[in-house]
Amino acid sequence: MKQREATMKNFLAPEELAPTLVSWGANKANKLILHLLLLGFLAGAYIGFAAHLATVVGTGAFGWIGLKKFFMGAVFSVGLMLVIIPGSELWTGNTMMTMALLDKKITLIQMVRNWFWVYLGNLLGSVFLAWMIVSQTGLMDGVFGATALQIATAKVTTEIAGSNHNLAYFFRAVGCNWLVCLAVLLAISAQEISGKILGIFFPIMAFVAAGFEHAIANMYFIPAGIFAKQLPFAVTASGIDATLLTRLNWSSMWHSNLIAVTLGNFIGGGIFVGVVYWLVYVRKENSR
């Protein structure tokens, strides 16, 4: 009866959705390592496609910077649509496996196993796509490559007034994955493709337009900038000082971005969505 009612209203209510997420997390814990790695690779590439598209759309003059960010966010949402609807494994969404852990459906080792292989797959897929697009297609040795350089350099060198760079990026990452995981919730809740697309679009558009930080997206953006350093026309068009460009490298990708952003993404998705929704909707049901 509940399933029939959910189908008729085209979405799952929170009380129905939260237990579904526990099963969703438990299923992920049981996947083969090879499947986690391959599906993680696909998700990294899908987010990379969206990041490239956002790079292209963000190139050129915009009289209203907020409108530029809106359009970049709008096109970036295609990444999570490709992840959720055809099916793949994205680490940032998988942070909500904390619900299955709290409900004792999986162990800590199972959760960490999933996270490790999916994160590695995401990294490989994102870096591969960055290499392919920037170094092999000929599309980026110009203004688009310049935008890639500007985005990547900003992510590892931006000075934050009154705050530490990594601390600021940590909190930007909290806000990001809070919204990303809400997008996943909306997509799972929706019972029709159109509902899933709309459910994904608005939170993803919001996190990009707001200037938040997504670890897997940065696995594309920063390598894309690193590869673009080899393109002379892109470097010239970027207008970035050569000494600043030296700070954009594989080491700074980690110590000036990905470590802090990964931790923030975990808090935003694993705690503010996964733990809170389990406490409110699942624990309450189990205690009856």
For the stretch 190-235, the count of residues that are closer than 27 Å to residue 250 by Cβ and free of Cβ contacts under 8 Å to residues at least 24 places away in the same chain equals 0
Among helices (runs of 4 or more DSSP H) entirely within the stretch 176-257, at least 1 residues that are under 14 Å from the mean Cα position of the chain (by Cα) and aromatic (Phe, Trp, Tyr) occur in 193-210, 215-228
Test result for residue 227, farther than 20 Å from residue 118 by Cβ, at pLDDT 95 or above and out of contact with any Lys or Arg (no Cβ under 6 Å at 6 or more places or on another chain): yes
- [ ] Evaluate the following for residue 269: is it assigned to a helix (DSSP H, G or I), in contact with a Cys (Cβ under 6 Å, 6 or more places away or on another chain) and on the phi < 0 side of the Ramachandran plot?
- [x] yes
Taking the stretch 47-83 and keeping only residues that are open to solvent by 50 Å² or more (accessible area, probe 1.4 Å), touching a residue at least 40 places away in the same chain (Cβ under 8 Å) and either among the polar types (S, T, N, Q) or within 24 Å of residue 188 (Cβ to Cβ) (or both), one is left with 49
Next item on the list: Kindly indicate whether residue 152 is open to solvent by less than 40 Å² (accessible area, probe 1.4 Å), under 17 Å from the mean Cα position of the chain (by Cα) and not basic (Lys, Arg).
Entry: yes
Within the stretch 18-56, the count of residues that are within 18 Å of the chain's Cα centre (by Cα), under 19 Å from residue 183 (Cβ atoms) and of a type in the set (Ser, Thr, Tyr) comes to 1
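The values are calculated or read from the model by the stated rules, or taken from the named source; none is laboratory data. Bear in mind the structure is a predicted one, so any value in this text is a computation, not a measurement. Neighbour counts are summed over all protein chains in view; Cβ atoms, including those assigned to glycine, are modelled from backbone coordinates with ideal geometry. These area figures cover heavy atoms from the full protein model, side chains too; ligands, DNA and RNA do not enter into them. Shrake-Rupley method; radii C 1.70, N 1.55, O 1.52, S 1.80 Å.
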